[in-house]
1. Checking the conditions here, which among Thr26, Thr45 is in contact (Cβ under 8 Å) with a residue 40 or more places away in the chain, buried (at least 17 other Cβ atoms within 10 Å of the Cβ) and within 26 Å of Gly72 (Cα to Cα)?
2. Being under 16 Å from Ile190 (Cα atoms), more than 16 Å from the chain's Cα centre (by Cα) and of a type in the set (Lys, Arg) is the filter here, so list the residues in the range 108-131 that pass it.
3. Residues of the range 64-89 being hydroxyl-bearing (Ser, Thr, Tyr) and outside any helix (DSSP H, G or I), which ones?
4. Out of everything in the range 86-120 that is closer than 19 Å to Tyr11 by Cβ and without any contact (Cβ under 8 Å) to a residue 12 or more places away in the chain, what residue ends up being surrounded by the fewest Cβ atoms within 10 Å (Cβ to Cβ)?
5. Here are Ile32, Ile20: which of them is closer than 23 Å to Ile211 by Cβ and loosely packed, with under 15 Cβ neighbours inside 10 Å?
6. Here are Arg127, Arg198: which of them is crowded, with 16+ Cβ neighbours inside 10 Å and among the charged types (D, E, K, R)?
7. Can you confirm whether the range 69-80 contains a residue that is among the aromatic types (Phe, Trp, Tyr) and buried (at least 16 other Cβ atoms within 10 Å of the Cβ)?
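No value in this document is a laboratory result; all are computed from the given coordinates. Keep in mind that what you see is a predicted model, and the values were worked out from it rather than measured. All Cβ positions, even for glycine, are placed from backbone atoms using ideal geometry, and neighbour counts span all protein chains on display.
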Amino acid sequence: MISFTDYLKSYHKRPRPFLIVGSASTVREDIIRIRRYTSDTQPITIGINKMTQFIIPDFHLWTNKERFYNLGSCIHPLSKVLCGIGLPDQLIKLHYQGDYVQVNYERKAHPNSKMSCINGRIYGFYRTAGCLAIMIAHLLGASSIHVIGFDGYTRYKPEEYDHGKNQHCYGSGHTDDYSWQNSIKKDNEIYKCLLQLRDYGIDIRIITDTIYTDIYDHKILGTYDV
């Protein structure tokens with residue numbers, strides 16, 4: 001295990017585009033255009049949870065114990081694994097025996113906490129691994145940060161998830177472990193976090209369909225229409 005602080009010191013920063021790869025259903029739905037985009041732009045990728053059946057990420061970030069326990073077997077040996085400080089080493093070794101980077105971040109921050117990074121420790125409220133990945137990409141020197149698979153948990157109505165619509169690019173239907181009302185709350189918190197990241201000075205563009213409309217840029221993938 002290496003700390004994120006030490007990893008930052010040794011990481012050779014170059015102005016490269018980054019792509020955050022969430023695990024929402026648009027990754028699967030829009031994979032043809034996404035693959036054209038990645039082939040053209042060659043971004044450094046940070047994957048979140050189970051998405052390796054579509055893209056093998058350069059970095060694979062995990063912060064949730066239950067998600068790691070249930071989905072961690074999808075980790076690809078070519079990915080550099082990043083684990084939040086809340087994941088115990090014993091749990092990580094269930095699915096991954098290699099060297100990993102431990103990300104030290106403020107796990108119980110107030111939603112209005114100021115975002116910053118001091119001596120390799122990340123401060124602020126990030127709500128999900130995907131939001132944290134945006135800050136990590138920024139700290140790694142990203143020249144641009146695009147995001148896919150960040151649909152929002154309430155992209156469709158509850159009944160639509162019972163009739164063919166999906167929340168994630170794995171499984172089918174409503175696959176999150178939150179109730180509908182809590183999903184609404186979660187989406188609001190994520191949206192606020194995304195806006196805070198933008199206000200912090202990070203230029204974020206979600207490029208697949210999303211409920212987070214202020215961050216959405218449909219034109220980027222539109223260049224790669226089938």
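1. Thr26
2. Scanning the range 108-131 gives Lys108, Lys114.
3. Ser79
4. Looking only at the range 86-120, we keep the residues that are closer than 19 Å to Tyr11 by Cβ, and these are 98-105, 116-120.
Narrowing further to those that are without any contact (Cβ under 8 Å) to a residue 12 or more places away in the chain: 116, 118.
Details: Ser116: 12, Ile118: 8.
Taking the candidates together, the pick is Ile118.
5. Ile32
6. None of the other options fit; the residue is Arg127.
7. No, the range 69-80 contains no residue that is among the aromatic types (Phe, Trp, Tyr) and buried (at least 16 other Cβ atoms within 10 Å of the Cβ).
Quick grid of which residues meet (1) farther than 17 Å from Ala129 by Cα; (2) in contact with a strand residue (DSSP E or B) (Cβ under 6 Å, 6 or more places away or on another chain):
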{"position": "Lys13", "(1), (2)": "yes, no"}
{"position": "Arg36", "(1), (2)": "yes, no"}
{"position": "Gly47", "(1), (2)": "no, yes"}
{"position": "His60", "(1), (2)": "no, yes"}
{"position": "Lys65", "(1), (2)": "no, no"}
{"position": "Ser79", "(1), (2)": "no, yes"}
{"position": "Gly84", "(1), (2)": "no, yes"}
{"position": "Leu91", "(1), (2)": "yes, no"}
{"position": "Val103", "(1), (2)": "no, yes"}
